[in-house]
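Every number here is computed from the coordinates shown, using simple stated rules; none is lab data. Values in this document were obtained by computation on a predicted structure and should not be read as measured data. Neighbour counts are summed over all protein chains in view; Cβ atoms, including those assigned to glycine, are modelled from backbone coordinates with ideal geometry.
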Amino acid sequence: MAQSKEEFLEQFGGDYGYPDAPRGIDELRAADFKRLEGMVYLDHAGATLYSEAQMADVAKDLMSNVYGNPHSQSDSSMATSDLVTSMRHLVLKYFNASPRDYKCIFTSGATAALKLVGECFPWSGDSCYMYTMENHNSVLGIREYALSKGATVSAVDIEEVVDPSKNQGCDSLFKISKRSNQRRGDDVLLHNYQNGSLTAISGKHLKGNNLNLFAFPSECNFSGHKFNLSLVKLIKEGKFIGTSQQQGRWMVLIDAAKGCTTEPPNLTVYPADFVVCSFYKIFGYPTGLGALIVKNEAAGLLNKTYFSGGTVAASIADIDYVQKRKSIENVLEDGTISFLSISSLRYGFKIIDMLTISAIARHTASLATYVRRKMMDLKHSNEKNVCIIYGQQASKVKDLKMGPTITFNLKREDCTWFGYREVEKLACLSGIHLRTGCFCNPGACAKYLGLSHSDLVSNFEAGHVCWDDNDIINGRPTGAVRISFGYMSTYEDAEFLQSSFVSKAVGLNNGYMVNMDTLHLVDDWSQQATSDIRLKSITIYPVKSCQGFSVQGWPLTTGGLKYDREWLLQGSGGEILTQKKVPELSSIRTLIDLELGKLFLESPKRKDKLQISVLENLTHISAEVDVYGQRYEVQTYGDKVNSWFSDAIGRPCTFMRCTSSKHRSCTINGRRDRLCRDTRSKLSFVNEGQLLLVSEESISDLNSRLSSGNVNGKQQMFVDAMRFRPNIVVSGSASYDEDNWKRLNIGKAYFTSMGGCNRCQMINLYQSSGQVIKSKEPLATLASYRRQKGKILFGILLNYEDSMYEEDDAVVERWIKVGQEVYPSTE
């Protein structure tokens, strides 16, 4: 890495690391971001990070001063008012906006600022709201206000092209691509795009005094494309829209939430009417605070209906009388502003001023440019591109300005796509924090992924919604992967991505995960003497995510192993509690005595043991809950039981038992695409199949890989079968033979394989000295050789086929016992 960094510094050393600042990047990172040790944070477009020095200043300020409600005349209130005024000027200064021309309105964030503009803009039936396709949903949402007032709404795609023959003193020209107009009601104004400009061709003539609004981002939060801010003057002067007919006055809104982190719009040069931002995007803290920078003239045109505390000079309760304040800040800021958060802004700007915004822009650009070039150079062994980067690659303009954001998808050697969720999961295993999806920017997402309206609708009908796992539908990605750099990002962040993420995900020419679509399957498995396979252990987990207990034999029911995962804990907000959310669950020990008919529970945080009857008790309250999309009828318990569990896990919860769930037929995916023989199969509180099976041989193979991967004196890593919470452990087969099993029988009990079990980070949790420890293993190693179409598979899921044993219309209770022979079948 040392040689690579030298090469990097040779190329980017003049821009990287703040050479002219009091502290360089390495000193800054070591002193103020110690919490980043061992991880790589690459989601600064989502939220950048606060520094330790910044928070120390905030804490010292709050502990040293008294700030009162600014809607008063006390000394503490006046101190707050003076501080808020100075912060407004500080924000205006950041955007090079003169207080004579602009006002700073504090809001709860950029979204609230955009909503305020949409709500108060003087829309009419003659107005037009136009916005670029590459815009955040919060900008798109303004159209609801426009459409409700009868205005026309148009989405346009702006292309910046170099055309020397038409260049008249400008470096670039703009074209707009046609999009259909949106309008509600019968009086629809038709428009046509001619020669890259918008011209009215039919309908009534627009009045000369109507107001229109054009919105665009200074930087696209999807692609990182920086829009040319000369659009502001072109639009306001009528040169961009077209001058064949008078269409009223155009005003401009810039969404600077992303762009202002490295290049805030210079409002002296580009005098937009409205600019919005969120401060956590700039320096990490505070969250829940943003601003609307509004031109004085534009502010006077806003029509605000609602009034609240702080916005009125006088009002009378029982008659229609109200006089609003004259100050535009007071009129638009409802209630008491977040004055303590506002007071902390100076400490964020203190860091920006120390480094300078121009140096931050150069620093982050150097990292993004370096990584972008490296990714574009990556090739598979067949010379196919690994990375498809959105934005710059698609642009016809050489050296188009890009922000420190790279959005991409990865392709396999056969040109099929890696799903973005697969990439995200692997990144998590390497301690890399990034973002996936469409980033609330549907226009840019559709544009760069080539998704038509029908594609988007069919994806939604197929079940795809924002933030879900449906990353590939009909062989095409539904979103992308985004990495972004912030002012504290380092070369090591960029290189760590290169060495630990990209190479793992794409199977470069190092033999690592080249055949990532193919699991290791034993070709001659049918020659295996199946009589040598034995049932090694049986484990029952009565309460979901709590400890299980081992038995020598156990009965089966229509739901699988009797009482297995028949109980769970629900949080106070209705959420299902699991070890991933509540690691303390792993310390609760369970045991069921079939003869006594009791469930026994113990916790190190409770001196008393809890006993619960497993017999049906209809006196308890019944309810219905949703668990991972499945509706269950449940039995809840009283305060005594719930109090015991709340003490055991350290949070309020409700203990409940599954009394019935709708029998659901089971579709076996993948290579065994058919229905289960037993369509009456009942699931208790399991996620998918009724039972989980792993083999000792597969565990042994995993441990050998873990052992071979331990270098540089690292402690030997070893996992046992119980790390995977299996119900059944078998021995005597070859490693991963179970991948091929379609059915198996143990004694007279028959089971259908539901396919591989998709593993998550829960298997990385283990207990040591009473503490729950989280590591990267064994999931990281499994990801290196057990991945299939975005899933990391280990063990197989089984469903019990009870219908095979009906005698005289009565289901016979079958038992399985340790030591029994296991007979798998691939038919």
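Dividing the mean sequence gap of close Cα pairs (under 8 Å, 6+ apart) by how many residues the stretch 283-412 holds gives a relative contact order of 18 percent. Distance between the modelled labels on R606 and I773, one decimal in nanometres: 2.8 nm (7 Å Cα→Cβ projection). Extending 7 Å from the Cα toward the beta-carbon at both W815 and I316 defines two label points whose distance is 8.8 nm. First measure r as the distance between the Cβ atoms of D593 and D701, then evaluate 1/(1 + (r/R0)^6) with R0 = 30 Å and state the FRET efficiency to the nearest 0.05. Working from the Cβ atoms, E equals 0.25. Counted residue by residue at 0.36 nm each, then reduced by the alpha carbon distance between them, the extension gain from S4 to T287 reaches 98.2 nm. Quick one: of K304/K324; K536/K609; K295/K401; K580/K817, which pairs are farther than 20 Å apart, Cα to Cα? Table pairs above 20 Å Cα-Cα are K536/K609; K295/K401; K580/K817. For V822, nonlocal amide neighbours, meaning residues 5 or more places apart or on other chains whose placed amide H falls under 5 Å from its own, are I533, R534, L535.
Cross-link pairs exceeding 26 Å in C-alpha to C-alpha distance, out of K581/K776; K226/K447; K379/K776, comprise K379/K776. Positive-end ranking of I328, G309, L345 along the dipole of the stretch 308-444, with charges on Cβ about the Cα centre, is headed by L345. Computed from the C-beta positions of D75 and T305 and an R0 of 35 Å, the FRET efficiency is 0.50 to the nearest 0.05.
Of all aspartates and glutamates in the structure, the ones whose alpha carbon falls short of 15 Å from that of K791, not counting any fewer than 8 places away in one chain, are E422, E424, D468, D469, D471, D517, E688, D739.
FRET efficiency for the E383 to R179 pair, using the beta carbon distance and R₀ = 30 Å, is estimated at 0.20. If you model the stretch 59-102 as an ellipsoid using its alpha carbon gyration tensor, with each semi-axis the square root of five times an eigenvalue, the axes come out at 24, 14, 5 Å, biggest first.
Given K281/K544; K115/K326; K350/K774, which pairs have Cα atoms separated by over 28 Å? From K281/K544; K115/K326; K350/K774, over 28 Å: K281/K544; K350/K774. A full extension of the chain between K149 and C760 corresponds to an added length of 215.0 nm, given 0.36 nm per residue minus the alpha carbon distance. Max-minus-min Cα coordinates of the stretch 25-66 on each principal axis give 38, 24, 16 Å, with the largest extent listed first.
One chain, two ends: K239 and A47. Fully extended at 0.36 nm per residue, the span grows by 65.5 nm beyond their Cα-Cα distance.
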